[in-house]
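Undergrad: The following block contains the structure, expressed as structure tokens.
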Amino acid sequence: MRNDTVETLIGAIVILVAIVFVVFTYKSTGAASVGGYELTAKMPRVDGVAIGTDVKLAGVKIGTVSALTLDPKDYRVAVHMKLQPEVKIPDDSSVMVTSAGLLGSSYVSIQPGGSDTMLADGGEIKNAQGAIDMMGLLSKFVNNSGSSNSTSAPPPATAEPAKP
């Protein structure tokens, strides 16, 4: 009987530790839903952005991407961002998709404007730049570096004529 009590107690401790670990991970990774208000921005490309992607201002996380929807009329992607309520964004701000280094993950970066008017819940950031296709740029660079320019003149001859 005593053996069953010890096993039950150890099992309860293991379950308690697992619950504490899950709660700690949930809170420390920012997976908890961000309260606050929602802004949108329409972009032509959102490569590397998904629901839960960080939204940063001056390198500091101020929210997350809550949804991505495609507009069938102009084929731009509406990025819905949930931002912290204490961070107010001026209405002349700009937004872009960028990455943390060459191999880093993508995030949405907001550059605040200078307007005194702040965007309200449901507002839209009009000045938006989508993701840059790094592989496309690298491919263009590699393909163009080996080709010669056909419009340039041949190099001048440097050899002097032989003297008698």
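Undergrad: Considering each residue of the range 99-126, count those that are modelled with pLDDT of 85 or more and either surrounded by 15 or more Cβ atoms within 10 Å (Cβ to Cβ) or on the phi < 0 side of the Ramachandran plot (or both), and give that number.
TA: The qualifying residues number 19.
Undergrad: Of all the strands (runs of 3 or more DSSP E) wholly in the range 75-136, which have at least 1 residues that are touching a Leu at 6+ places or on another chain (Cβ under 6 Å) and of a type outside the set (Ser, Thr, Tyr)?
TA: 77-83, 106-111, 123-125
Undergrad: Shifting gears a bit: Can you find even one residue in the range 42-51 that is assigned to a loop (DSSP other than H, G, I, E, B), surrounded by 12 or more Cβ atoms within 10 Å (Cβ to Cβ) and either out of contact with any Ser or Thr (no Cβ under 9 Å at 6 or more places or on another chain) or of a type in the set (Lys, Arg) (or both)?
TA: yes
Undergrad: Kindly establish whether Val79 is out of contact with any His (no Cβ under 7 Å at 6 or more places or on another chain) and touching a residue at least 12 places away in the same chain (Cβ under 8 Å). Step through it out loud before you land on a result.
TA: On the way: out of contact with any His (no Cβ under 7 Å at 6 or more places or on another chain): yes; touching a residue at least 12 places away in the same chain (Cβ under 8 Å): yes.
Judged against the criteria, Val79 is a match.
Undergrad: Looking only at the range 138-157, decide whether some residue is basic (Lys, Arg), outside any loop (DSSP other than H, G, I, E, B) and at pLDDT below 90. Write out each step before concluding.
TA: Just the residues of the range 138-157 that are basic (Lys, Arg), to begin with: 140.
Within this subset, residues satisfying the condition of being outside any loop (DSSP other than H, G, I, E, B) are 140.
Subset that is at pLDDT below 90: 140.
So far as the range 138-157 goes, yes, one or more of its residues are basic (Lys, Arg), outside any loop (DSSP other than H, G, I, E, B) and at pLDDT below 90.
Undergrad: Further question on the same structure: Of (1) more than 14 Å from Leu39 (Cβ to Cβ); (2) in a strand (DSSP E or B); (3) at pLDDT below 90, Lys61 satisfies all except one. Which?
TA: Of everything listed in (1) more than 14 Å from Leu39 (Cβ to Cβ); (2) in a strand (DSSP E or B); (3) at pLDDT below 90, Lys61 misses just condition (3).
Undergrad: Among (1) farther than 14 Å from Gly36 by Cβ; (2) at pLDDT 90 or above; (3) among the β-branched types (Val, Ile, Thr), where does Thr53 come up short?
TA: (2)
The values are calculated or read from the model by the stated rules, or taken from the named source; none is laboratory data. As the structure is a computational prediction, the values presented were derived from the model and not from experiment. Note that we place each Cβ from the backbone using ideal geometry, even for glycine, and neighbour counts take in every protein chain shown.
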